[in-house]
Amino acid sequence: MSKKYVYLFSEGNADMRELLGGKGANLAEMTNIGLPVPQGFTISTEACTQYYEDGRKINDEIMAEIMKNVEIMENINGKKFGDSKNPLLVSVRSGARASMPGMMDTILNLGLNDDVVAAMIAGNPDPKFERFVYDSYRRFIQMFSDVVMEVGKKYFEQLIDAMKEKKGVKFDVELTAADLKELASQFKAEYKSKIGSDFPSDPKVQLYEAIRAVFRSWDNPRANVYRRDNDIPYSWGTAVNVMPMVFGNLNDNSGTGVAFTRDPATGEKKLMGEFLVNAQGEDVVAGVRTPMPISQMAEQFPDAYKQFVDVCAILENRYRDMQDMEFTVENGKLYMLQCRNGKRTAQAALKIACDLVDEGMRTEEEAVLMIDPRNLDTLLHPQFDAKALKAATPIGKGLGASPGAACGKIVFTADDAESWKARGEKVVLVRLETSPEDITGMKAAQGILTVRGGMTSHAAVVARGMGTCCVSGCGEIKMDEENKKFELAGKVFHEGDVISIDGSTGNIYDGAIPTVDASIAGEFGRIMNWADKFRKLKVRTNADTPRDAKKARELGAEGIGLCRTEHMFFDPERIAAFREMICADTLEEREKALAKIMPYQQNDFEQIYEALEGTPVTIRFLDPPLHEFVPTEEKEIELLAKAQGKSVEAIKNIISALHEANPMMGHRGCRLTVTYPEIAKMQTSAIIRAAINVQKKHPDWNLVPEIMIPLVGELKEFKFVKDIVVETADKEIKDAGVSLKYEVGTMIEIPRAALTADEIAKEAEFFCFGTNDLTQMTFGFSRDDAGKFLGAYYDTKIYESDPFAKLDQNGVGKLMDMTVKLGRSVRPDMHIGICGEHGGDPSSVEFCHKLGMTYVSCSPFRVPIARLAAAQAAIKDKK
């Protein structure tokens with residue numbers, strides 16, 4: 001027998017999501033339980049895949065199977081498709097295996113044409129019935145034109161508005177049968193003028209085109225963006241559900257509603273929802289008319305309401321989760337059209353999971369699996385007031401690069417951000433793009449908005465680390481940094497004007513929207529305690545300042561996986577000394593300049609050790625190329641020349657000599673130490689002295705500093721630097737007359753290091769993956785420039801997600817797997833971590849668990865996300 005592509009609702013069940021999609025599987029399940037579901041069929045996700053393989057056509061074999069199931073549906077329902085006496089009308093709805101609300105398309109009332117309309121009216125003399133038939137007809141023409149033929153909705157809305165104006169009425173319901181009949185013919189004329197042919201009257205043609213449209217909508221821009229944001233693979237495809245229509249718009253004894261078994265905003269256990277009398281489903285969802293709360297349905301439809309309440313209890317017990325349901329009442333009789341696990345806020349998700357455990361419906365492990373780790377982000381940052389946000393219209397949109405809400409006066413430079421903050425102003429820093437020297441201004445700002453850059457640009461990475469709201473890559477902004485102004489949505493914004501930005505959605509608003517502080521409720525702690533009980537991976541943080549380290553500890557970090565020492569150099573007092581070092585001519589001059597920086601570095605490390613309370617701290621040696629530290633502005637160059645006793649010309653020559661064609665692969669990382677060993681000596685002394693001092697203060701702590709050498713690609717290179725570290729560290733420890741353990745390891749961020757990990761492991765005591773650089777070097781494209789062309793790669797389905805945001809498990813992952821195996825073949829108990837941006841991405845955390853890594857390290861505000869993702873990985877693994 002050939003492959004089966006179509007399933008009656010009575011042939012499926014809830015476990016067939018992959019084949020029938022979420023909606024189809026749930027309709028089948030409700031049918032099995034004996035709930036009142038209009039009986040139809042589901043065309044499987046495999047038929048969708050076949051549609052694309054066949055060049056966007058539904059092949060004859062699948063179409064024949066569909067028509068065979070139409071016949072069975074006709075027999076079950078005692079009505080016939082296209083029949084003038086007893087016509088069967090159907091709805092055609094999409095349903096992927098992951099819920100994608102509002103992303104794909106629906107067509108109602110399919111099967112109507114002039115003959116069917118006339119026959120239906122002839123069979124029922126009630127004038128109200130005539131109005132209902134024409135209302136259904138004009139809706140069908142409008143939806144079919146919009147969804148199937150892609151004639152915009154607005155043309156039809158304009159005709160409706162014109163008709164209402166002509167008749168002097170406010171609502172659609174006030175239009176008469178004659179008005180609606182006239183609208184239907186206007187709609188058909190509109191269709192013909194836009195498409196160039198008559199509106200199709202054959203129900204079979206209508207059905208074929210509608211099914212094709214649903215399959216096609218799987219690849220529409222909305223759906224593609226939603227899938228990329230929610231990790232839904234393109235290859236899954238969507239199913240199509242065809243079911244007989246029930247009419248909520250039949251008369252005043254009919255209606256339609258949407259309900260939740262618990263409050264999706266707070267998680268409170270109470271029936272929530274809305275109901276509209278004499279309406280069809282899309283009226284509730286589209287907000288065309290204001291519905292009444294579901295509780296009022298009890299007064300008008302007491303029997304249907306009582307039955308619906310029972311159905312809610314049955315479904316919630318069956319799925320053991322909060323349900324989101326769509327239903328229709330036709331002539332007083334209840335019909336269930338859909339149920340699914342309802343979308344909810346992060347706060348509600350935590351409460352519902354805890355309540356279900358308390359109610360004995362879920363185990364602690366199941367509760368941990370119910371929470372989407374990515375949604376926790378919103379709980380940790382200030383949010384816009386929901387009411388105010390609803391009333392506001394965005395003026396532009398970038399990428400939601402770091403969640404939270406920010407509102408403040410526009411400033412254009414990091415210095416301005418600092419000085420405005422110092423005088424008590426709240427500011428939003430707007431830049432073409434940010435660079436490391438903007439860091440102090442980024443700290444001072446409520447939020448950061450950039451014109452260029454993606455989710456892993458400097459601004460995005462640093463903002464996420466600080467927990468500061470950031471919107472990056474808003475290309476619509478016309479920037480004029482020199483004159484401190486920019487243009488967006490036709491308006492010019494100057495320094496000091498107020499804007500609001502939403503780091504979760506990427507939306508930008510003109511003016512101030514009030515914000516509310518995030519609060520971590522009791523349920524949050526409960527879920528986290530459960531997560532910690534089940535996970536195997538440790539979770540550390542990437543932190544460069546005591547403030548970040550302290551925050552990460554509060555959020556459950558078990559150490560630092562990456563402390564970047566270069567971020568400590570951008571302080572005005574330190575940068576001057578570091579620039580002296582760069583411009584020095586002799587070793588003595590360099591050492592003299594480094595000696596000025598040494599006490600700062602030591603003090604930084606002491607504060608960080610204190611904040612981490614004896615848990616592991618991995619400190620990475622200086623990594624960026626030196627040109628990032630030299631001045632670019634004339635005034636600063638003159639100051640440096642004066643301090644160095646050199647001419648401005650000489651300083652400019654030094655600066656231009658530092659320029660590199662490809663600095664990301666240039667003179668940076670351990671290559672700096674090979675050229676200037678004195679930098680490594682100074683950093684080693686600062687790390688060890690700080691550890692000795694803190695250990696003396698806290699004899700009960702067991703401090704073991706982990707010194708990490710970046711950008712190693714060759715064993716001899718690593719050994720060269722390690723020898724300097726060991727010689728310096730051992731001398732410091734001996735001079736202090738104490739005993740202190742320390743470790744020297746390396747970052748794995750060059751493919752060659754992964755390929756020769758067994759050799760490097762002979763000397764390196766630990767590995768840590770720098771997946772930002774490893775991804776960059778494996779793919780061979782620059783993280784800062786990839787945003788310019790990745791869009792085309794998403795559109796053509798070459799890539800489905802940003803490899804810098806979601807770890808490429810096939811390529812980069814293979815190198816990581818190899819590194820773990822090779823490294824541990826030499827040192828079986830070697831600890832191996834990850835400290836790139838991927839350390840806080842749930843799917844990447846799961847991958848690290850599978851590789852048997854020791855820990856993941858991520859920015860402080862992503863620590864709870866990583867803790868939860870690590871627990872979910874361990875629970876799934878056990879299953």
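The values are calculated or read from the model by the stated rules, or taken from the named source; none is laboratory data. Since we're looking at a predicted model, the values are computed, not measured. Using ideal geometry, Cβ is built from the backbone for each residue, glycine included, and neighbour counts are taken over all protein chains shown. When the accessible area is computed, the model is the full protein with side chains, heavy atoms only, and any ligands, DNA or RNA have been set aside. Shrake-Rupley method; radii C 1.70, N 1.55, O 1.52, S 1.80 Å.
Derived scalar couplings between HN and Hα for segment 207-215 equal 5, 4, 5, 5, 5, 4, 5, 5, 4 Hz in order, rounded to whole Hz, by the Karplus curve 6.51 cos²θ - 1.76 cosθ + 1.60 (θ = phi - 60°), x for Gly and Pro.
Rounded, prolate or oblate: which fits segment 39-89 when a ≥ b ≥ c are the square roots of the eigenvalues of the alpha-carbon gyration tensor, with rounded for a/c under 1.5 and prolate only if a/b beats b/c?
Details: a/c = 3.30, a/b = 2.38, b/c = 1.39.
Prolate, since a/c reaches 1.5 and a/b exceeds b/c.
Tell me the net charge near Cys354. Cut-off is 11 Å between Cβ atoms, Cys354 excluded, with +1 for each Lys or Arg and -1 for each Asp or Glu. Residues close to Cys354 contribute a combined charge of -2. For Lys478 and Lys879, the FRET efficiency from 1/(1 + (r/R0)^6), where r spans their Cβ atoms and R0 equals 45 Å, is about 0.25. Take 534-541, 21-28 and order them by the average number of nearby Cβ atoms within 10 Å per residue, most first; the result is 21-28, 534-541. Between the entries [x] 115, 65, 51; [y] 104, 59, 50; [z] 106, 91, 64, the label attached to Cα extents along the principal axes in Å calculated for this structure is [y].
Comparing Cα centroids, segment 390-447 and segment 356-382 end up 32 angstrom apart. Surface analysis of segment 642-743 yields an accessible area of 50 Å² per residue, using protein heavy atoms and a 1.4 Å probe. By how many degrees, 0 to 90 and rounded to 10, does the Cα axis of helix 634-644 deviate from the longest principal axis of the chain? The angle comes out near 20 degrees. Distance between the pseudo-spin-label points of Ser197 and Ser2 (7 Å out from Cα toward the beta carbon): 2.4 nm. Here segment 355-395 is scanned for amide nitrogen atoms under 14 Å from the site 7 Å beyond the Cα of Asp517 along Cα-to-Cβ, giving 380-383. Relative to the current alpha-carbon distance between Lys592 and Ala313, full extension at 0.36 nm per residue lengthens the span by 92.8 nm. In terms of the mean number of neighbouring beta-carbon atoms within 10 Å, the peptides 224-230, 183-189, 617-623 order highest first as 617-623, 183-189, 224-230.
Taking 7 Å steps out from each Cα toward its Cβ at Glu174 and Met292 produces label points 2.0 nm apart.
Out of every Cα-Cα pair that segment 65-108 contains, those further apart than 18 angstrom amount to 44 percent. Please list, or write none, the aspartates and glutamates whose alpha carbon is within less than 12 Å of the alpha carbon of Lys3, excluding same-chain residues fewer than 8 places away. Correct list for Lys3: Glu46, Glu61, Glu65.
Extension gain, Ser185 to Ala792, is 214.3 nm, computed as 0.36 nm per intervening residue step minus the present C-alpha separation.
Shown is the FRET efficiency for Glu487 and Thr413, computed with R0 = 22 Å from the Cβ-Cβ distance and rounded to the nearest 0.05: 0.75. Phi angles across segment 833-847 convert, under the Karplus curve 6.51 cos²θ - 1.76 cosθ + 1.60 with θ = phi - 60°, into 3J(HN,Hα) values of x, 9, 9, x, 3, 5, x, x, 8, x, 5, 6, 4, 4, 5 Hz, Gly and Pro given as x. Treating segment 312-441 as a set of equal point scatterers at the Cα positions, no solvent, please give the Debye-formula log₁₀ I(q)/I(0) at q = 0.10, 0.17 Å⁻¹. Log-scaled intensity ratios, in q order: -0.59, -1.02.
Ranking Leu180, Leu159, Leu110 by Cα position along the charge dipole of segment 106-189, where only Lys, Arg, Asp and Glu carry charges on their C-beta atoms, puts Leu159 farthest toward the positive end.
The spacing between segment 598-645 and segment 212-249, judged by their C-alpha centroids, is 52 Å.
When both segment 492-512 and segment 693-734 are represented by their alpha-carbon centers, they are found 46 Å apart.
Tell me, what is the per residue accessible area of segment 369-451 in Å², probe radius 1.4 Å?
Working: 3330 Å² over 83 residues.
On a per-residue basis, 40 Å².
Glu634 to Asp784: FRET efficiency via 1/(1 + (r/R0)^6), r the Cβ-Cβ distance, R0 25 Å, to the nearest 0.05?
Working: r = 26 Å, r/R0 = 1.03.
After rounding, the FRET efficiency stands at 0.45.
Phi angles of segment 402-414 translate, via the Karplus equation with coefficients 6.51, -1.76, 1.60 and θ = phi - 60°, into HN-Hα couplings of 8, x, x, 10, 9, 9, x, 7, 6, 10, 10, 10, 5 Hz per residue; Gly and Pro are given as x. Between Gln809 and Asp83, the modelled label-to-label distance comes to 5.1 nm, taking each label 7 Å out from Cα in the direction of the beta carbon.
Tell me the net charge near Pro860. Cut-off is 10 Å between Cβ atoms, Pro860 excluded, with +1 for each Lys or Arg and -1 for each Asp or Glu.
Values: positive: Arg464, Arg547, Lys550, Lys551, Arg553, Arg862; negative: Asp548, Glu554.
Counting the neighbours of Pro860, the net charge comes to +4.
Per residue, the accessible area of segment 584-639 comes to 46 Å², computed with a 1.4 Å probe over protein heavy atoms only.
For the chain, the share of accessible area belonging to carbon and sulfur comes to 50 percent (1.4 Å probe, ligands and nucleic acids excluded).
Using the Cβ atoms and a cut-off under 15 Å, what net charge is assigned to the surroundings of Met120, where Lys and Arg are +1 and Asp and Glu are -1?
Result for the local shell: +1.
Computed on segment 8-145, the Cα convex hull volume stands at 138 Å³ per residue.
With N as its number of residues, segment 135-230 has a Cα radius of gyration that, divided by 2.2 N^0.38 Å, comes to 1.24. Taking only the Cα atoms of segment 612-753, the ratio Rg/Rh comes out at 1.06, with Rh defined as the Kirkwood radius.
With runs of 4+ DSSP H residues as the only contributors, calculate the mean residue ellipticity of the chain at 222 nm using -39,500 (n - 2.57) per run, divided by the residue total and rounded to the nearest 500.
On the way: 34 runs with 404 residues, N = 879.
Counting only the DSSP helices, I get -14000 deg cm²/dmol.
Per residue, the convex hull spanned by the Cα atoms of segment 386-458 amounts to 96 cubic angstrom.
Which lysines, on any chain, are close to Lys80 with Cα under 20 Å apart, when same-chain ones fewer than 8 places away are left out? Straight-line reach from Lys80, under 20 Å: Lys68, Lys204.
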